[in-house]
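First up is the structure itself, then whatever we jot down about it.
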Amino acid sequence: MLSRTVVIARNAPNPVLAHKFLDYLLSVRGQRVMAAQCGLPPIRKELDGVYERLGVNESQIGVLRPISLGPGLLVYLDQQKRRQMLGAWRAILGSSPR
């Protein structure tokens, strides 16, 4: 399962516009565009998609379970890539990952 994650950085130059874009991505229209043009199944209940048919939106039961995004996912990266990613993580989010 591919996790789709959107982050609005703390120091984003236009956080209001970023929030509007996020609203669009999550809207019915945005989900339709992503399904049609990117091949990403919709996550909205209003739209028929593989995730809805599998019941992922209803529960965490079954073969697909959400995975929290975090630095713990970096465990299999080599140390140089890990340092680069953590540096970028800190710069974008302005926080220290655990």
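Residue separation times 0.36 nm, minus the C-alpha to C-alpha distance between residue 40 and residue 26: what's the value? Write out the running numbers ahead of the final one.
Numbers: separation 14, 0.36 × 14 = 5.04 nm, distance 1.24 nm.
The span from residue 40 to residue 26 would gain 3.8 nm if fully extended.
Work through the residues other than residue 87 whose Cβ is under 15 Å from its Cβ and net out their charges, Lys, Arg +1 and Asp, Glu -1. Don't skip to the end; give the middle numbers.
Values: positive: 81, 82, 83, 90; negative: 78.
Result for the neighbourhood of residue 87: +3.
Where a number appears in this text, it was derived from the coordinates with a stated rule and is not lab data. This structure is a prediction, so every number in the text was calculated from the model and none was measured. Cβ atoms come from the backbone with ideal geometry, glycine included; neighbour counts cover every protein chain shown.
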